[in-house]
Amino acid sequence: MNADTKPRFLSTDRRVREDKRFVAGSGRFVQDLDRPGMLHVALVAAQHPAAKIVKIDASEALAMEGVHYVIDGAELSAAVNPLMNGLDTPNVRRFPLAVGQNRYAGEWIAAVVADTRALAEDAAERVKVEVERLGFLTDAEKALDPESTPVHPEHGSNLLLDRTFDWGPVEDDFARSDETLKLRVTWGRNSTVPIETFGVICEWNPWDEVLDVWASIQMPKYADQIARALKLPGNAVRVHYDVDVGGSYGVKRGIKQTVLAGYLCRKLGRPVRLIEDRLENMRSGDAHGPERIFDIEVAFDRDGTVNAMKMRALDNAGAYAGRAPFQLGKPIGAIVGPYRINSVQYRAMSVTTNKAVQEAVRGFGQSPTNYAIETMMDRVAAHLGMDRLEFRQKNLIRSEEFPYLIPSGSTYDSGDYHAVIDKVLATADYAELQAERDRLRAEGLCAGIGIAACLEPSGGNSAFEPLLNEKNRTSTWMEGCRVNVDALGEVTVAIHTTSSGQGHETLAATVVGEVLQMDPDRIRVVRPDSLSSLPGNSPVGSRMAIMLGGAAANAARELIRQAVAIGAHLSRADPAACRYEDGTVVTPDGTVTWDEIVDVAHRRFHDLPPGTNPGLTANFIQQVPTGTALPKDGKVQMYPCYSFEFHLVLLAFDPVLAKPEIRRYVIGHDCGTVINPHIVKGMTLGGIAHGLGAALLEEFAYDGEGQLMTQSFLDYLMPSSHEMPEVEIVKHETPSPLTEFGQKGSGESGYLGAPAAISGAIHDAVSQWGIHLNKLPIRMSAISDAIAAAEENA
Amino acid sequence: MKTDLTVNGRTYGIDVEPRTTLLDALRDGCGLKGTHAGCEHGVCGACTVIVDGEAVRSCLMLAVQSDGLDITTIEGVAPERGELDVIQDSFCETHGMQCGYCTPGMVLAAKALLGVNREPTDEEIRDAISGNICRCTGYGQIVEAIRLAAKRLRESNALAMEAGE
Ligand code: FES
Ligand code: FES
């Protein structure tokens with residue numbers, strides 16, 4: 001796009017095309033699909049957090065009419081490869097069903113296959129499992145003790161990862177600073193908990209030797225992992241991407257479920273469906289998020305300059321390794337947040353415990369890290385007696401400093417943090433907001449203002465993989481797109497992933513329409529199966545606006561090049577003297593129409609430029625901008641683009657009841673050029689709702705017996721329309737110099753700063769008592785207890 | 001057990017177990033897949049349908065209890081295949097959804113509200129959908145959609161009568 005041409009479709013108020021089928025109840029979710037002869041799976045779950053499996057007696061279950069099969073971990077592990085680990089931890093082996101012993105309460109021990117799900121559940125209750133209980137632990141700090149009960153005895157300890165990075169002169173900066181301060185904050189175990197649980201249908205076609213998979217997934221390289229685990233050739237797994245996914249926000253990885261269903265369908269010669277029920281999903285769907293203790297030491301001068309930070313992040317990965325430890329890696333790309341901090345020491349630690357397995361959650365570890373950094377900023381400001389806002393403004397990177405290289409090796413592409421903050425303060429009328437807080441206080445309420453400034457690294461690549469695992473040599477995380485013009489001249493775009501509400505069809509149509517100068521409503525978007533697809537890495541890491549947007553734009557541009565070549569050849573002109581405009585090719589002598597170009601491309605080989613293949617079609621595989629090299633000296637460019645958000649929140653509560661009520665929520669958001677404003681707005685609001693849940697309500701809490709206490713929606717509390725306030729969004733656009741249209745990512749927006757801002761507001765509200773509530777979620781009871789205790793001691 | 005379910009003006013004679021929920025009967029017995037299962041314990045509202053004018057959770061009702069009642073599911077909302085009613089269209093206008101999984105329940109909760117209240121305040125809108133959990137949107141654009149639908153219904157008497165039927 002030329003800087004001087006105004007976009008026609010980009011950034012305009014266009015509808016999201018996917019919405020129509022959803023309001024009609026016509027979405028195509030995996031639960032809605034039926035395959036002839038399909039069988040259903042229910043799971044037998046472990047009762048104890050750790051136990052040796054002595055004997056499984058399935059005879060009673062198998063004797064029931066309509067029950068086809070019962071499988072345990074011994075059979076399955078003999079037939080399939082272990083599931084992939086992110087780190088080089090070969091002795092932390094994981095299979096879809098527990099082998100020999102289970103490692104968390106609820107872990108799947110056996111699976112029952114029957115004619116209906118209800119029958120399978122009945123039969124699962126009759127499977128008798130004899131066990132011997134083993135020692136267990138749930139606490140990450142206990143897991144650090146070399147004497148602690150190992151979750152995987154073969155691995156030797158509970159430590160999965162312990163890596164310290166020193167970026168810059170940390171000790172020197174500490175020595176030269178006026179003061180230092182220490183703090184500890186804890187991010188509780190929560191997750192995104194989509195309303196649709198994970199589901200998969202697998203069907204083996206023995207004549208074609210292909211495994212067909214329909215699943216509610218959001219998983220990079222899913223088909224490859226399934227093939228590897230099932231010992232099938234890569235081209236024997238066909239994943240159908242035209243399945244609507246009922247929410248994911250990172251967690252719908254589904255590998256263990258698919259390997260289990262894939263094995264069973266081949267074994268039984270019938271399609272097999274595994275749809276988790278809510279309990280299976282919460283307790284054993286392996287979809288919990290990070291649980292992290294941050295120990296921070298920060299060095300600063302009395303004038304409010306932050307010089308250096310030491311951060312230790314200890315993550316409780318749960319019972320198996322998976323990709324969880326990588327969630328300590330991604331935040332390295334924005335380890336100083338939006339601030340100028342000269343040097344950083346970062347120690348990333350991950351341990352196993354007897355809790356459910358951790359999976360990728362929105363932001364891939366960035367939101368907990370942002371919460372830690374922002375809490376640090378509040379504490380330092382309070383320590384210095386400085387205004388929190390001025391203190392931040394003083395340390396923020398200035399717009400003229402971009403591109404800005406941070407100590408850990410990433411360069412921030414662009415931003416104007418001060419401008420965004422100024423806009424928010426103006427919109428909210430900050431002075432009036434403070435006056436309102438004081439009025440509420442005068443009424444006897446606890447009232448507080450919270451602020452948070454943070455970044456959303458976007459354009460996801462996987463640079464954290466080689467950084468944390470030297471055997472991993474990945475330096476591309478590409479995304480492909482195909483644009484095809486049919487013989488009647490209509491345009492069809494193929495995208496190669498499932499979608500869980502991000503509006504990729506709208507994105508692709510808008511971008512291709514923009515480039516081809518054609519109404520996006522005329523453009524069809526399809527999602528072929530994985531065997532008909534170009535390489536891609538699915539919508540993770542806030543990447544699709546950048547990566548799919550880039551691939552679609554570049555494929556459309558290639559199409560234009562082909563059209564211009566044809567038009568120029570027809571009119572015997574130099575292609576360089578011709579240009580594409582509104583579906584025609586303008587030559588020095590006139591115009592060649594779209595119909596004419598299509599006719600030549602599809603029917604008249606004799607009119608094609610020499611050496612040109614027939615057809616009008618283009619593929620483009622987009623590499624991550626800046627994703628060029630493997631890490632060196634513990635440094636790497638992580639994600640290419642950095643969106644910025646600034647949260648300002650006023651909340652109030654009664655000091656005895658302590659139920660925080662948000663009175664005002666204003667967010668400033670800059671994700672560069674916006675492709676569809678409705679989609680970006682929805683992401684931001686939804687992200688704030690997730691952040692609100694993480695800050696105040698949601699936790700997968702385990703009791704002293706290692707049992708999950710919050711395993712239904714009655715006790716795992718999520719924000720409803722009552723808790724979630726009306727949010728005002730203040731927009732700002734600093735285009736990225738690295739992307740097609742200046743766009744950056746927005747899929748994690750809101751979530752990345754809301755927990756920090758809400759926690760900050762609560763602390764402001766209780767500041768008269770000097771209370772610190774250092775663990776999320778901050779429950780009502782924690783606030784009221786702390787106030788009561790402070791009053792008693794006063 | 002034989003049960004007659006009257007759904008969207010049509011009668012489905014189906015055979016169900018006494019323990020079968022209305023949710024499962026609609027999905028598996030009647031083949032109406034627009035009603036979704038989220039929690040199956042009465043909290044999330046994804047399974048919302050309208051029974052005799054009121055929004056109810058079909059996971060908490062048994063199919064056999066529903067015999068003879070007037071049930072509307074999301075499939076019964078659009079006037080014609082390929083066309084949208086005012087509420088559905090308003091959800092599209094404001095993008096009151098993302099993944100679409102909670103959407104049928106939200107649209108029906110909105111329909112039940114607007115059937116009895118043509119001029120709901122934002123608080124009444126939030127109340128009406130407070131039993132429907134959406135993990136995607138943070139509710140903002142859903143509230144906007146219902147606000148817009150109410151306005152459009154007020155502005156068009158003919159349509160208002162239809163929504164109140
Ligand atoms: S499925 Fe009925 S309320 Fe959740
Ligand atoms: S749109 Fe996804 S849960 Fe509401």
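Considering A:D422, A:D378, which residue is without any contact (Cβ under 8 Å) to a residue 12 or more places away in the chain and either assigned to a helix (DSSP H, G or I) or open to solvent by 10 Å² or more (accessible area, probe 1.4 Å) (or both)?
The conditions single out A:D422.
Just one of A:A299, A:A227 is away from ligand 1 (no atom under 16 Å from the Cβ) and buried (at least 24 other Cβ atoms within 10 Å of the Cβ); which is it?
Only one candidate passes the filter, namely A:A299.
Quick check on my filter: what residues within the range A:698-711 are open to solvent by 20 Å² or more (accessible area, probe 1.4 Å) and within 12 Å of another protein chain (Cβ to nearest Cβ)?
A:Q711
So if I check each of A:S759, A:S749, A:S720, which one is surrounded by 23 or more Cβ atoms within 10 Å (Cβ to Cβ), within 23 Å of the chain's Cα centre (by Cα) and part of a loop (DSSP other than H, G, I, E, B)?
Sole residue among the options that is surrounded by 23 or more Cβ atoms within 10 Å (Cβ to Cβ), within 23 Å of the chain's Cα centre (by Cα) and part of a loop (DSSP other than H, G, I, E, B): A:S749.
Within the range B:31-54, track down each residue that is within 16 Å of ligand 2 (Cβ to nearest atom), open to solvent by 10 Å² or more (accessible area, probe 1.4 Å) and either small (G, A, S) or modelled with pLDDT under 95 (or both).
B:A37
Would you please name the residue that is farthest from ligand 2 (Cβ to nearest atom), looking only at residues in the range B:15-29 that are open to solvent by 20 Å² or more (accessible area, probe 1.4 Å) and part of a loop (DSSP other than H, G, I, E, B)?
Top of the filtered list is B:P18.
Just one of A:A494, A:A487, A:A508 is at negative phi and in a helix (DSSP H, G or I); which is it?
Answer to the check: A:A508.
Among the residues that make up the range A:553-571, is at least one of them in contact with a His (Cβ under 9 Å, 6 or more places away or on another chain) and open to solvent by less than 20 Å² (accessible area, probe 1.4 Å)?
no
Search the range A:22-61 for residues being open to solvent by 20 Å² or more (accessible area, probe 1.4 Å) and free of Cβ contacts under 8 Å to residues at least 60 places away in the same chain, and hand back the single one that is nearest to the other protein chains (Cβ to nearest Cβ).
Top of the filtered list is A:D32.
Out of all the residues in the range A:484-492, is one or more charged (D, E, K, R) and over 26 Å from B:R135 (Cβ atoms)?
So in the range A:484-492, the residues charged (D, E, K, R) come out as A:486, A:490.
Those still in the list that are over 26 Å from B:R135 (Cβ atoms) too: A:486, A:490.
Scanning the range A:484-492 turns up at least one residue that is charged (D, E, K, R) and over 26 Å from B:R135 (Cβ atoms).
State yes or no: is A:S191 under 30 Å from A:Q502 (Cα atoms) and either in a loop (DSSP other than H, G, I, E, B) or within 16 Å of ligand 2 (Cβ to nearest atom) (or both)?
Here the answer is yes, as A:S191 does meet what is asked.
Looking at (1) away from ligand 1 (no atom under 16 Å from the Cβ); (2) closer than 21 Å to A:R17 by Cα; (3) in contact (Cβ under 8 Å) with a residue 24 or more places away in the chain; (4) not assigned by TED's automatic domain parsing to the domain that holds B:V143, find the lone condition where B:G34 falls short.
(1)
Quickly run through the range A:490-515 and pick out the residues that are among the hydrophobic types (A, V, I, L, M, F, W, C) and more than 14 Å from chain B (Cβ to nearest Cβ).
Correct list: A:V491, A:V493, A:A494, A:I495, A:A508, A:A509, A:V511, A:V512, A:V515.
Residues that are part of a helix (DSSP H, G or I) and away from ligand 1 (no atom under 16 Å from the Cβ): does the range A:175-186 have at least one? Steps first, please.
Step one: list which residues in the range A:175-186 are part of a helix (DSSP H, G or I), which gives A:175-176.
With away from ligand 1 (no atom under 16 Å from the Cβ) added as a condition, the list becomes A:175-176.
Yes: the range A:175-186 contains one or more residues that are part of a helix (DSSP H, G or I) and away from ligand 1 (no atom under 16 Å from the Cβ).
Looking at the range A:594-624, which of the residues that are more than 36 Å from the chain's Cα centre (by Cα) and of a type in the set (A, V, I, L, M, F, W, C) is farthest from A:G745 (Cα to Cα)?
A:F605
Going by the structure shown, is A:S736 open to solvent by 10 Å² or more (accessible area, probe 1.4 Å), among the hydroxyl-bearing types (S, T, Y) and more than 14 Å from every other protein chain (Cβ to nearest Cβ)? Don't jump to the end; show me each part of the working.
On the way: open to solvent by 10 Å² or more (accessible area, probe 1.4 Å): no; among the hydroxyl-bearing types (S, T, Y): yes; more than 14 Å from every other protein chain (Cβ to nearest Cβ): yes.
The answer is no for A:S736.
Go through the range B:107-141 and count every residue that is more than 7 Å from every other protein chain (Cβ to nearest Cβ), in contact with a helix residue (DSSP H, G or I) (Cβ under 6 Å, 6 or more places away or on another chain) and within 11 Å of ligand 2 (Cβ to nearest atom).
The qualifying residues number 1.
Within the set of pairs 6+ apart or on separate chains, which have a first residue in the range B:41-57 that is farther than 18 Å from B:G76 by Cα and within 9 Å of chain A (Cβ to nearest Cβ), a second that is buried (at least 24 other Cβ atoms within 10 Å of the Cβ) and of a type in the set (K, R), and C-beta atoms under 6 Å apart?
Qualifying pairs under 6 Å: B:G42/B:R57.
Mind checking which residues of the range A:323-357 are within 30 Å of A:H418 (Cβ to Cβ) and open to solvent by 10 Å² or more (accessible area, probe 1.4 Å)?
A:R340, A:N342, A:Q345
Residues B:V7, B:V64: which one is open to solvent by less than 20 Å² (accessible area, probe 1.4 Å) and away from ligand 2 (no atom under 16 Å from the Cβ)?
On inspection, the qualifying residue turns out to be B:V7.
Can you run down the residue pairs with Cβ atoms below 9 Å, 6 or more apart or on separate chains, where the first is in the range A:576-597 and under 15 Å from A:Q517 (Cα atoms) and the partner is aromatic (F, W, Y) and part of a strand (DSSP E or B)?
Qualifying pairs under 9 Å: A:V586/A:Y580.
Looking at (1) away from chain A (no Cβ under 13 Å); (2) over 14 Å from the mean Cα position of the chain (by Cα), which one does B:E80 not meet, given that it meets all the others?
Exception for B:E80: condition (1).
Only one residue in A:G706, A:G686 is out of contact with any strand residue (DSSP E or B) (no Cβ under 9 Å at 6 or more places or on another chain), closer than 29 Å to A:F741 by Cα and in contact (Cβ under 8 Å) with a residue 60 or more places away in the chain. Which one?
Working: A:G706 fails: closer than 29 Å to A:F741 by Cα.
Being out of contact with any strand residue (DSSP E or B) (no Cβ under 9 Å at 6 or more places or on another chain), closer than 29 Å to A:F741 by Cα and in contact (Cβ under 8 Å) with a residue 60 or more places away in the chain holds for just one of A:G706, A:G686, which is A:G686.
For the range A:237-307, give me every one of the strands (runs of 3 or more DSSP E) that falls completely inside it and has 2 or more residues that are acidic (D, E) and away from every other protein chain (no Cβ under 14 Å).
Qualifying strands (runs of 3 or more DSSP E): A:292-300.
What single numbered condition from (1) surrounded by fewer than 24 Cβ atoms within 10 Å (Cβ to Cβ); (2) facing chain A (nearest Cβ under 9 Å); (3) over 15 Å from the mean Cα position of the chain (by Cα) fails to hold for B:E155?
Unmet for B:E155, out of (1) surrounded by fewer than 24 Cβ atoms within 10 Å (Cβ to Cβ); (2) facing chain A (nearest Cβ under 9 Å); (3) over 15 Å from the mean Cα position of the chain (by Cα): (2).
The values are calculated or read from the model by the stated rules, or taken from the named source; none is laboratory data. Predicted, not measured: the structure shown is a model, and the values here were computed from it. Note: ideal-geometry Cβ built from the backbone for every residue, glycine included; neighbour counts use all protein chains shown. Keep in mind that these areas ignore ligands, DNA and RNA; they rest on the heavy atoms of the full protein, side chains included. Shrake-Rupley method; radii C 1.70, N 1.55, O 1.52, S 1.80 Å.
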